[in-house]
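Here the structure is laid out as structure tokens; the discussion comes afterwards.
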Amino acid sequence: MSGPATIDAPAPAARPDDIKAVPVRRPGRWVAAAVVLFLAVVVVHSVATNPRFGWGTVGHYLFSSRILHGLVLTIELTAIAMAGGILLGVLLAIMRLSPNPLVSSASWLYIWFFRGTPVLVQILFWSFIAALYPRISLGVPFGGPEFVHANANDFITPFVAAILALGLNEGAYMAEIVRAGIISVEEGQTEAASALGMTRLQTMRRIVLPQAMKVIIPPTGNETISMLKTSSLVSVVAISELLYSAQLIYAVNFRQIPLLLTVSIWYLAITSLLSIGQFYVERHYGRGSSRGRQATWFERLRRNLAIRHARVDGAGRPS
Amino acid sequence: MVLAEGVHKSFGRLEVLKGISLEVRPSEVLCLLGPSGSGKSTFLRCINHLESIDAGRLYVDGELVGYRQAGDKLHELHDAEVARKRAEIGMVFQRFNLFPHMTALENVMEAPVRVKKRPREQVRATARELLERVGVADKERVYPAQLSGGQQQRVAIARALAMEPKLMLFDEPTSALDPELVGEVLDVMRALAGAGMTMIVVTHEIGFAREVGDTVAFMDAGVVVETGVPREVFAAPRHERTRAFLSKVL
């Protein structure tokens, strides 16, 4: 396209000196920083010197076997209920988008019911299910033969009831999250896949869901963290998860505050771990995005330090 | 290869195709021209059944599109059957529609591996050849977002070719490109036509239609107003509306 150059491009002028200016004074920032620092000192001092926090007791119980037992149960509850909730959510979301009106309204009805009643009520409801159906059986309904049957109280233990309540409730929320993800994928993607001869299932699995993940992951991480804490509600049906384990201990020794602190420390620790996990999952599904690969926290730290170094050296502009 | 007889299509109360009759023979390149909203893209999408037609008959390779005839009754084809037929027709979109979570090479390999169930290694080799043929061999590990529009469209053409289609449909393939990138995509299409591919191209590139098209059809308001050999249609349009359109774009 470009013919032989007949006019030389103008030679670039020498680069002028870098600007060196006196920075604006911002006294407001110094005042604000001083106030924040003062308040922080007050809080830390009070926490450290008030003996009623009972940090010794916290240290004593933090790794005690009963608390650790409760922690494991809390993690189990969270993991199983979330896994069930996600599977159910994907199924409900696909049902909700089905062209069959009966299928999509069934999904709508489910979501309406399980989002519309408090999860605490659902937990209690499932723990009393034996009052509603004393016998649970698998077979042909309306008087047909039965293959398996069990006493509801044997089959639905408090733990199973808790899993059912948390998982079925989570499914309703996950359904809306997954649906939002699916409809966020451009229609052209489905068309391109169809034009290549891919079936609806292949298109959903290979093209739509992987792209929907970018939208689905952040709120799912949120839901997981929320589930970790919501699982403490099942303490009302006497499952010795983290909170109930602590309650059992302070029912005897009356050291409520230190034990609640112990529990809080564990919830915070697991939440922090989950946040880190979420970051890496998000990074995996963000591949191909124009914003490029997200830097890890460690990489960012290293880069910041490098810039600080360049400034301190006075070598000029940070790269 | 493609035969349309009185094809009608409405979206709600808006009739976009009002009786389209056309024929495209094997290895022929048909260019569809006309103003926006004249039904060119809709007609193209009917050919691989992305839209179903309301009246008339549409055949690809002698077989009805989207239906099966038994006696004097038409039966809708099952989804799997429609998918199988679409696999034989390549389509290139105005907005490329590459899969953004896959590299260029993965985009090209996806359908042969999943739809045709070909072995991965064999597909990889042909996919590389195709990327080389469209001139983006060095970009096989790159994600679409890092490619220019022209490169994306060329990968999209390679992706369609990977299914070894007997017919290629192009829906305004250069309309979303910067002017300086149009040429590289048209070059690929020109080479494809030269290799004997049957093509239907919806385009605003008059130069391309004149040079590469065996036939041009001018559409307006849901009907084919004029069809013929490009040189004759462009030099001496018989219809008033063709003349008005050409005077604006030439």
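Out of curiosity, is A:ARG283 within 14 Å of another protein chain (Cβ to nearest Cβ), part of a helix (DSSP H, G or I), farther than 20 Å from A:GLU76 by Cα and open to solvent by 30 Å² or more (accessible area, probe 1.4 Å)? Taking the combined requirement at face value, the residue satisfies it.
Report, by residue number, each residue of region B:173-188 that is touching a residue at least 60 places away in the same chain (Cβ under 8 Å) and either of a type in the set (A, V, I, L, M, F, W, C) or buried (at least 21 other Cβ atoms within 10 Å of the Cβ) (or both).
To start, the set of residues in region B:173-188 that are touching a residue at least 60 places away in the same chain (Cβ under 8 Å) comprises B:173, B:175-176.
Within region B:173-188, B:PRO173, B:ALA176 meet the criteria.
Does A:TRP112 fit the bill of being of a type in the set (Phe, Trp, Tyr) and at pLDDT 95 or above? Reasoning before the result, please.
Numbers: of a type in the set (Phe, Trp, Tyr): yes; at pLDDT 95 or above: yes.
Yes: the conditions hold for A:TRP112.
Within the set A:PHE114, A:PHE63, the sole residue that is under 30 Å from A:LEU268 (Cβ atoms), open to solvent by 40 Å² or more (accessible area, probe 1.4 Å) and aromatic (Phe, Trp, Tyr) turns out to be A:PHE63. Among the candidates A:SER184, A:SER194, the residue that is within 14 Å of chain B (Cβ to nearest Cβ) and under 23 Å from the mean Cα position of the chain (by Cα) is uniquely A:SER184. Only a single criterion out of (1) within 23 Å of A:GLY188 (Cα to Cα); (2) surrounded by 15 or more Cβ atoms within 10 Å (Cβ to Cβ) is not satisfied by B:TYR67, namely (1).
Evaluating A:ARG200 against the criteria (1) open to solvent by 40 Å² or more (accessible area, probe 1.4 Å); (2) under 23 Å from A:LEU68 (Cβ atoms) leaves one unmet condition, (2).
For region A:200-211, the criterion of being within 28 Å of A:HIS284 (Cα to Cα) and away from every other protein chain (no Cβ under 14 Å) is satisfied by no residue at all.
In this structure, does A:HIS45 turn out to be in contact with a helix residue (DSSP H, G or I) (Cβ under 7 Å, 6 or more places away or on another chain), surrounded by fewer than 18 Cβ atoms within 10 Å (Cβ to Cβ) and in a helix (DSSP H, G or I)?
Values: in contact with a helix residue (DSSP H, G or I) (Cβ under 7 Å, 6 or more places away or on another chain): no; surrounded by fewer than 18 Cβ atoms within 10 Å (Cβ to Cβ): yes; in a helix (DSSP H, G or I): yes.
Answer is no for this residue.
Checking each residue in region B:38-64 for being of a type in the set (A, V, I, L, M, F, W, C) and open to solvent by 70 Å² or more (accessible area, probe 1.4 Å) picks out no residue at all.
Residue count for region A:226-247, restricted to those that are more than 21 Å from the chain's Cα centre (by Cα), open to solvent by less than 50 Å² (accessible area, probe 1.4 Å) and under 16 Å from A:THR157 (Cβ atoms): 3. Of the residues making up region B:85-113, those that are assigned to a loop (DSSP other than H, G, I, E, B) and more than 21 Å from A:GLY286 (Cβ to Cβ) are B:ALA87, B:GLU88, B:PHE93, B:GLN94, B:ARG95.
Per-residue answers, yes or no, for (1) more than 13 Å from chain A (Cβ to nearest Cβ); (2) in contact with a strand residue (DSSP E or B) (Cβ under 6 Å, 6 or more places away or on another chain); (3) open to solvent by 20 Å² or more (accessible area, probe 1.4 Å):
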| site | (1), (2), (3) |
| --- | --- |
| B:SER148 | no, no, yes |
| B:LEU167 | no, yes, no |
| B:MET199 | yes, yes, no |
| B:ASP220 | yes, no, yes |
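Within region A:129-139, the residues that satisfy the criterion of being more than 21 Å from A:PRO158 (Cβ to Cβ) and either exposed (fewer than 10 other Cβ atoms within 10 Å of the Cβ) or hydroxyl-bearing (Ser, Thr, Tyr) (or both) are A:SER137, A:LEU138. Reported count of residues in region B:120-129, each being within 23 Å of A:LEU209 (Cβ to Cβ) and exposed (fewer than 15 other Cβ atoms within 10 Å of the Cβ), is 1.
Could you tell me whether region B:103-119 includes any residue that is more than 14 Å from chain A (Cβ to nearest Cβ) and open to solvent by 10 Å² or more (accessible area, probe 1.4 Å)? Taking every residue of region B:103-119 in turn, at least one turns out to be more than 14 Å from chain A (Cβ to nearest Cβ) and open to solvent by 10 Å² or more (accessible area, probe 1.4 Å). Among the residues making up region B:1-22, those that are surrounded by 14 or more Cβ atoms within 10 Å (Cβ to Cβ) and over 12 Å from B:ARG57 (Cα atoms) are B:MET1, B:SER10, B:GLU15, B:VAL16, B:LEU17, B:LYS18.
What are the pairs with Cβ atoms under 6 angstrom where one residue, in region B:228-250, is surrounded by 11 or more Cβ atoms within 10 Å (Cβ to Cβ) and the other, located anywhere, is in a helix (DSSP H, G or I)? Sequence gap at least six, or different chains. Within 6 Å, the pairs are B:PRO230/B:ALA209; B:PRO230/B:ARG210; B:PHE234/B:ARG210; B:PRO237/B:ARG243; B:PRO237/B:LEU246. Taking first residues from region A:105-125 that are touching a residue at least 60 places away in the same chain (Cβ under 8 Å) and partners that are of a type in the set (Val, Ile, Thr) and surrounded by fewer than 19 Cβ atoms within 10 Å (Cβ to Cβ), the Cβ contacts under 8 Å between residues at least 6 apart in sequence or on separate chains come to A:LEU120/A:VAL236; A:ILE123/A:VAL236; A:ILE123/A:VAL237; A:LEU124/A:VAL236; A:LEU124/A:VAL237. If you go through region B:85-101 and pick out every residue that is crowded, with 20+ Cβ neighbours inside 10 Å and more than 8 Å from every other protein chain (Cβ to nearest Cβ), you end up with 2. If you go through region B:130-139 and keep only what is over 22 Å from the mean Cα position of the chain (by Cα) and either exposed (fewer than 14 other Cβ atoms within 10 Å of the Cβ) or more than 14 Å from chain A (Cβ to nearest Cβ) (or both), you end up with B:ALA137, B:ASP138.
Just to be sure before I move on: is B:ALA162 open to solvent by less than 10 Å² (accessible area, probe 1.4 Å), within 23 Å of B:PRO100 (Cα to Cα) and either within 14 Å of another protein chain (Cβ to nearest Cβ) or within 14 Å of the chain's Cα centre (by Cα) (or both) in the structure I sent? Against the criterion (open to solvent by less than 10 Å² (accessible area, probe 1.4 Å), within 23 Å of B:PRO100 (Cα to Cα) and either within 14 Å of another protein chain (Cβ to nearest Cβ) or within 14 Å of the chain's Cα centre (by Cα) (or both)), B:ALA162 does not qualify.
Every listed requirement among (1) within 14 Å of another protein chain (Cβ to nearest Cβ); (2) assigned to a strand (DSSP E or B) is met by B:GLU51 save one, (2).
The values are calculated or read from the model by the stated rules, or taken from the named source; none is laboratory data. Worth saying up front: this structure is predicted, and the values here are computed from it rather than measured. In this analysis, Cβ positions are derived from the backbone assuming ideal geometry, glycine residues included, and neighbour counts consider all displayed protein chains. Side chains are part of the model used for accessible areas, which takes the heavy atoms of the whole protein and leaves out ligands, DNA and RNA. Shrake-Rupley method; radii C 1.70, N 1.55, O 1.52, S 1.80 Å.
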